[in-house]
1. Being open to solvent by 50 Å² or more (accessible area, probe 1.4 Å), closer than 27 Å to Ser115 by Cβ and either part of a helix (DSSP H, G or I) or touching a helix residue (DSSP H, G or I) at 6+ places or on another chain (Cβ under 6 Å) (or both) is the filter here; which residues of region 21-39 pass it?
2. Can you find, within region 86-137, the residue that is farthest from Ser348 (Cα to Cα) among those that are open to solvent by less than 30 Å² (accessible area, probe 1.4 Å) and assigned to a helix (DSSP H, G or I)?
3. Could you list, in sequence order, the residues of region 139-149 that are touching a residue at least 40 places away in the same chain (Cβ under 8 Å) and open to solvent by less than 70 Å² (accessible area, probe 1.4 Å)?
4. For region 209-247, enumerate the residues that are open to solvent by less than 30 Å² (accessible area, probe 1.4 Å), under 19 Å from Val278 (Cα atoms) and not in a helix (DSSP H, G or I).
5. Looking at region 221-237, which of its residues are in contact (Cβ under 8 Å) with a residue 60 or more places away in the chain and over 24 Å from Arg295 (Cα atoms)?
6. Can you tell me which residue in region 322-345 is nearest to the chain's Cα centre (by Cα), limited to those that are buried (at least 24 other Cβ atoms within 10 Å of the Cβ) and of a type in the set (Ser, Thr, Tyr)?
7. Among (1) in contact with an Asp or Glu (Cβ under 6 Å, 6 or more places away or on another chain); (2) farther than 30 Å from Ala104 by Cβ, where does Leu407 come up short?
8. Restricting region 373-415 to residues that are under 21 Å from Ser289 (Cβ atoms) and either among the small types (Gly, Ala, Ser) or surrounded by fewer than 21 Cβ atoms within 10 Å (Cβ to Cβ) (or both), which is nearest to the chain's Cα centre (by Cα)?
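The values are calculated or read from the model by the stated rules, or taken from the named source; none is laboratory data. Only a predicted model underlies this, so the values are computations on that prediction, with no experimental measurement involved. With ideal geometry, Cβ positions are generated from the backbone for all residues, glycine too; neighbour counts draw on all protein chains shown. When the accessible area is computed, the model is the full protein with side chains, heavy atoms only, and any ligands, DNA or RNA have been set aside. Shrake-Rupley method; radii C 1.70, N 1.55, O 1.52, S 1.80 Å.
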Amino acid sequence: MPFMIDLNYLRDNQEKVTQLLNKKDPHFPVQQLVTLRDSVLSLQVRVESLRSEKNKLSKNAGPVTDSIREQSIALGKQLKQAEKELGQAQESLEQLWLRCPNIAQEGVPEGNKESNKVVKTWGENKAFSFTPKHHLDLNKDADWFDLEVGTKMSGAQFVFYKEQGAKVLYALTHLMLKNNAKHGFKPVIPPYLATEKSLYNSGNLPKFKGDFYEIEDESLCLIPTAEVSLTNVHAKEIIPGDQLPVRYTAWSSCFRKEAGGYGSSERGLIRIHQFEKVELFALTKPEESDRELDRMVACAEDILQQLGLSYQISLLAGQDCSFCSAKTLDIEVWLPGQQKHYEVSSASNCTDFQARRAQIRYREEGMKKPQLVHTLNASSLALPRLMVAIMEQGQQEDGTIVLPPALQKIMDILW
């Protein structure tokens, strides 16, 4: 059976765990999970007891009497029924357990998006002497991308990047990977297809089935984020304690169905089916994961500060955190064409939630039993939305776009 939250911890701290789980999902049936667990344990004891009795009868050194034969048949029927009930109870427990979110950390606010707290701002939102344009309007002259061509090729919400737009994306990727390596993250390139098991390990299945693209008859899916691939690098491994933390940074395309209706503010490059992203991923000892989250956020901030883009950081409320996250900090860049902030990085401490599913553990020298690592992930950064910020924050009254000096320097080197 796969593992999610620690049911032993839930048993011993039910009131506290229920309170913290309610921050993530007020409707999750915690008591039902506890009842199912108790039922499984009780049935396991009964099955073992019946097996033991049946074994004793079979090892009886004396003659097999009609009475012993009848007892053996009766015990066999009882055992078969108890095993059936145990299998059904285990299946019910597993299905509910798989849908149980990670436990929120105690400092995470209660509520949904409206309860998110801005904890930091950087830079001043640029004042314009004219009404700033939306990036779609700027693109009419800049010609960085073409949504109509993307639609012709692949359908709605796909984008075709053109010469300057493609150059900007490649230059941004170069800037990000170099920055992340400076912060100690090793560059890797993962596969874009993942098995269903990998998606279970990362927490995407079964909760989000239907939200990503599946390859029929292959049991493979296009990754919605490189986090899926990176979660599985060390699946079923025991990492020596002196090798932690392990840090990766990966560039990949990400594929999401993005089903459902979205407002006019999310047109253009804000929400598309395929987008490029540079990801941060880390595995740490439990006592180091809070510091690692701060490190990841600082790494992503470094990129925005190099680009001179104003932003804010929000501590997400429990119901706005992802399924796997115990704590999430969103970095939200200012988009003057829309007069609002939009997330370009979401940094999450998933504690031992994914590690429990993927069975990623570590062992210190002298440690009797290996322990689960903590996993963390962050966008560093989502490229299309960052392009929007560069277009809208860098726009001039005549519609031209001035690139940040740090980006222009890389453009000059690459092209």
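1. Asn22, Gln31, Gln32, listed by residue number.
2. That would be Leu86.
3. Residues satisfying the conditions are Asn139, Ala142, Trp144, Phe145, Leu147.
4. Answer for region 209-247, where residues must be open to solvent by less than 30 Å² (accessible area, probe 1.4 Å), under 19 Å from Val278 (Cα atoms) and not in a helix (DSSP H, G or I): Phe212, Ile223, Pro224, Thr225, Val246.
5. Lys236, Glu237 - these are the residues of region 221-237 that are in contact (Cβ under 8 Å) with a residue 60 or more places away in the chain and over 24 Å from Arg295 (Cα atoms).
6. Filtering region 322-345 for residues that are buried (at least 24 other Cβ atoms within 10 Å of the Cβ) and of a type in the set (Ser, Thr, Tyr), the one nearest to the chain's Cα centre (by Cα) comes out as Ser325.
7. (1)
8. Only one residue tops the list, namely Ala378.
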